[in-house]
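The values are calculated or read from the model by the stated rules, or taken from the named source; none is laboratory data. Just so we're clear, the structure is a prediction, and the values are computed from it rather than from any experiment. When we count neighbours, we look across all protein chains shown, and the Cβ atoms used for this are built from the backbone with ideal geometry, even at glycine.
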Amino acid sequence: MTKKTINNFEVAVVSITIFLINPFIGVMSVLFCFFFNLKLDENKLVNLLIIFLSIFLSFINLTKIPENDLMFHSSQYLLAEKFTLMGYLGAIRKEPLGYAFNYLMYYISGGSVKVWVLTFSLVSYSLFFFAIKKFYYKIQFPLYILVLALVLGAFLPQLFSLSAHLIRQFIASCIFIHFAIENIFYGKNRWWMAVLGVLMHASSLLLYSFIYFKFLGDFKKYGILNTLIIIALFFYQSIAYGLLLVVGGVNDSLDYILERANRDTHFDLGNFQFMNFIMMAAMIIVALTSKGVIQKKLERQEEVNSLSKTEVKTESVKIEKNVKFFFSTMIILSFFIVLNLKQSELSNRLFFYLFFYLPFVIPLFLLKFKQRSLLALLMSTTMIVYFTYRLEFGVWTYAPLSELVTNSFFSYINYPEPTIETRKIYYEGRHSK
């Protein structure tokens, strides 16, 4: 089927205009261009979709009624009014970067909770979506697969619900994913992102260790070392307790990490669900069987890019190795979660990180089917419909669906500030936040 050629500038102007009038329709109009065979500058259109999605999802988040964790985080954010910066960080006593950002945002925005939520969401989603784009550009999969991955990253309800709930962990997850793609596939050691991620949420330290310690999981070359690490994982609480006795009091953030690591925690997240095991097993199976799919796709580049068989083979081996390493971080994390099931809080919170791998895993499974472009369209449509259903009938309360799909850009900008019931510090026993 021949693609219909359309002027890229005109599409951009029309799409932006539509987005200003109605962000929801603006997002849908860009998606329409991808799935209906229009000849456009794909890179620019992908960037436009990423920007639209990031803004639209952030707009939805600012309409969320604060409760539970969002109420807690909002209360802590508003405490900035009562302290100097150092006094504020001293009162909270954990992950200083996230709270330094709170303090800065409070005085930049005049204490606006709405602007604070919007900024957190916008930065997080931008990092996440551009990481997805970089991944699929590197492995050179069809454009509709990339679009499906972006739709999954945007409209998967379980993932979206975290963005204005576990705010610091959500942005820490997005920082990690962006860092991992840059490091593994592009050879860019953005160490400062690792520092930012850990200082935003200490639990992400485990993920960065998977990236920097590349011998993890390589039992052929480092069998003894990996065996010792597995043993250490079984006894890490005792190790953390010993370290706390030795270096305790040196640094508040280090104390916080070691204190959390050396005790069992059972917060209000409930037991680890059986469906979580099913999801982990399915993700691991798809990741382990993705090698053949990627190899076949890369081999086709021999004809497309006029590459020699040697060049194709070399590039194929390199990308396959990088994909394998990226997914190995997911697999190791899954096993670590299983080892810590007795700690319901830790296992559940670490499980949340796995949702960020889904846009990288699910599309690979889709490539095993012949009618994959049609399946991508059907899956994207289904995901968007299910997302709208969950907004209306899910756990958290947002603006009515009729408003979310009809509001203009300016209606969202002028959306009223939420009511925060308390500004009291009540982090006693809630160190997981």
Practice item. Output yes when any residue across the stretch 223-240 is surrounded by 15 or more Cβ atoms within 10 Å (Cβ to Cβ), at pLDDT 85 or above and not small (Gly, Ala, Ser), and no when none is. Key: no
- Message: Yes or no: the stretch 95-102 includes at least one residue that is aromatic (Phe, Trp, Tyr), surrounded by 22 or more Cβ atoms within 10 Å (Cβ to Cβ) and in the same structural domain as Phe170 (by TED's automatic domain parsing).
- Response: yes
By residue number, the members of the stretch 52-68 that are in a helix (DSSP H, G or I) and surrounded by fewer than 19 Cβ atoms within 10 Å (Cβ to Cβ) are Asn68
Trp396: passes all of (1) within 17 Å of Leu288 (Cα to Cα); (2) touching an Asp or Glu at 6+ places or on another chain (Cβ under 9 Å) but (1)
- Task: Tell me, yes or no, whether the stretch 314-336 has at least one residue that is surrounded by 15 or more Cβ atoms within 10 Å (Cβ to Cβ), modelled with pLDDT under 65 and outside any loop (DSSP other than H, G, I, E, B).
- Result: no
Note on the stretch 339-355: residues more than 21 Å from the chain's Cα centre (by Cα), hydrophobic (A, V, I, L, M, F, W, C) and part of a helix (DSSP H, G or I) are Leu339
The residue from Ile171, Ile184 that alone is of a type in the set (A, V, I, L, M), under 23 Å from Arg349 (Cα atoms), in contact (Cβ under 8 Å) with a residue 24 or more places away in the chain and part of a helix (DSSP H, G or I) is Ile171
